[in-house]
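Just below is one structure, and these are the notes that go with it.
The values are calculated or read from the model by the stated rules, or taken from the named source; none is laboratory data. Everything quoted here is computed from the prediction, not taken from an experiment. Virtual Cβ from ideal backbone geometry, glycine too; neighbours counted across all protein chains shown.
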Amino acid sequence: MYAVGSKQHVQTCSLFGVKRVPKKWWHWGLFGFALLLTIEAVLLWSKWPFTRERLTVSLERATGSKLRAARFRMTFFPSPGCVLDDAVFERDGAVAPLARMRQLSVRGSWAAVLMFRHHLAEMQPEDLRVSIPEKVPPAMRLHPPAKHETAVGEFVADGAVLDVRGLTFRFRRLRLHDLSRTSPIRMEVDVTIPHPSGTVQASAVFGPWKGAASPLSGSFTLTGADLSKYEELEGILRGSGTFQGTLAALGVRGQADLTALRVRRKGPATAVHADYAATVNGTTGETLLEQADVQFLRSRITVSGSIGKTTTLDFDGRPGRVEDLIRVFASSDEPGMRGPISFRARVVLPAGHAPFLRRVLLDGSFGIDDAQFKRRTQDKMEKLSSRARGQDNDVPPADIDSDVQGHVLLRDGVARLDHVRLRVPGAVAKGGGTFNLITKRVDLGGTVTTDATLSEAAGGGIKSFLLKPLNVFFRDKKNAGAVLPVSITGTYPHAKAQISLTGKR
């Protein structure tokens, strides 16, 4: 056996085609490898993205805000990254920080770091709270634009809280995927909203960023929205839909169901279903309601208009049932009137802190055909019809239908009624006046025109005889009947109706 390194060993290796490398070449190889590692390490450290300075510059450039953090530490295993404690984002001119978090964890990947790619695997803030004031200060330009944008694989902010002008949104789940200015961002949201109080779950694709023209699409569901926080309402709202368009013009299509609806928290519960189409401006919050078809009981109302700081809605109730409307707003299971109704109205709700009835403005007209009243009121209407046709008291009243129409203008809680017309067989009442929705004060007046003369309407007997001389004063100039001044005054529901024989209200 030959010793390694001996002359015979070198010759034997040569016989098999293997040359022994001189020892000095191993030294040079090891030196070159070490040199490459050193150069890589120097380059890696010079480009290391997770230093406090580089991360601060990157986040300040992305948010347009100044970043402050109480503590900073780098992490290397199992993944490279860093952690910021008590991080705060501020802007000049803001009285409070725009965002604060207890901790911000940033995680990359060794593959991206070694290949000098501008990519982060994950960013995860803990106890994130974002506050958007009434006037948002402009973005700060603290650094020149980056040569290469940094992309984020996933942004996880479960438990985040968003305060927008006094409204608080709590995110049970908030996930953003593939954050980049040059590619779409996928979003998953599960958030509790304040008005109406409920939960929205949504998935969407947003971007790439083009300002107000940035594309946005997705779907959503709304559950458990409680209307009891509103002044005059009670009920639970749920719905679902889809949206597609741009940030400034987002088309929304969906349906909503309102169960156990009560107005003024009285009366029977009513179920309402609506199918709607709207366009939302995500930069201003303004919503254009193209059309909403609202169905409840046996009635249908079409609504359109705009919703924003000032809300303007147009209502078209055709066909509908007056008893359905009364059932929603009244406290009794038995409506005071039944019959088909058609109406058109414009409702304007300006911004402000005054009570709803003080702020709301309404201008509309209505018509009720073949109306039937509650039994007690119906009896009075049938007797009025009999008297107006000159039938005596011995004739039992017949079932009759009434027609009602008019115009209403609501301002500052007071409804002014004009061109009101009530018709029953044999009589027509015309007039107008005011009804204060806040104090319930009624002040209505007008005339009743009858087919019969004043004495004939008295129903015979001594009363008819005594009223005959007055026929000439209350004669209808166009017909043979009578025209009588009437008034309804007092506080609802105890207002009193009077017929004046002096020619005055």
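List of remarks:
- Boolean, Leu179 is at pLDDT 90 or above and surrounded by 15 or more Cβ atoms within 10 Å (Cβ to Cβ): no
- The range 134-169, subset part of a strand (DSSP E or B) and modelled with pLDDT under 90, residue surrounded by the fewest Cβ atoms within 10 Å (Cβ to Cβ): Leu167
- Of Phe343, Phe315, all but one fail to be modelled with pLDDT of 75 or more, among the aromatic types (Phe, Trp, Tyr) and surrounded by 19 or more Cβ atoms within 10 Å (Cβ to Cβ); the exception is Phe343.
- Some residue of the range 139-153 being among the β-branched types (Val, Ile, Thr) and touching a Ser or Thr at 6+ places or on another chain (Cβ under 8 Å): yes
- Residues located in the range 339-356, provided they are within 19 Å of Lys309 (Cβ to Cβ) and of a type in the set (A, V, I, L, M): Val347, Val348, Leu349, Ala351, Ala354
- Cross-chain or 6+ apart pairs with Cβ under 9 Å, the range 260-280 first and within 17 Å of Ser228 (Cβ to Cβ) and at pLDDT below 75, then in a strand (DSSP E or B) and of a type in the set (S, T, N, Q): Val263/Thr270
- Within the range 378-399, residues that are among the acidic types (Asp, Glu) have Cβ atoms under 8 Å from residues that are assigned to a loop (DSSP other than H, G, I, E, B) and modelled with pLDDT under 75 in these pairs: Asp379/Pro397; Glu382/Pro397; Glu382/Ala398; Glu382/Asp399; Glu382/Ile400; Asp392/Gly459; Asp392/Gly460, counting only partners at least 6 apart in sequence or on another chain.
- Complete set of residues in the range 334-349 that are touching a helix residue (DSSP H, G or I) at 6+ places or on another chain (Cβ under 8 Å) and either hydroxyl-bearing (Ser, Thr, Tyr) or part of a loop (DSSP other than H, G, I, E, B) (or both): Pro335, Gly336, Gly339
- Residues satisfying the stated conditions in the range 274-330, i.e. touching a helix residue (DSSP H, G or I) at 6+ places or on another chain (Cβ under 7 Å) and hydrophobic (A, V, I, L, M, F, W, C): Phe296, Leu297
- Lone qualifier among Gly364, Gly431, Gly352 - being touching a residue at least 24 places away in the same chain (Cβ under 8 Å) and either closer than 20 Å to Ala497 by Cβ or not in a strand (DSSP E or B) (or both): Gly431
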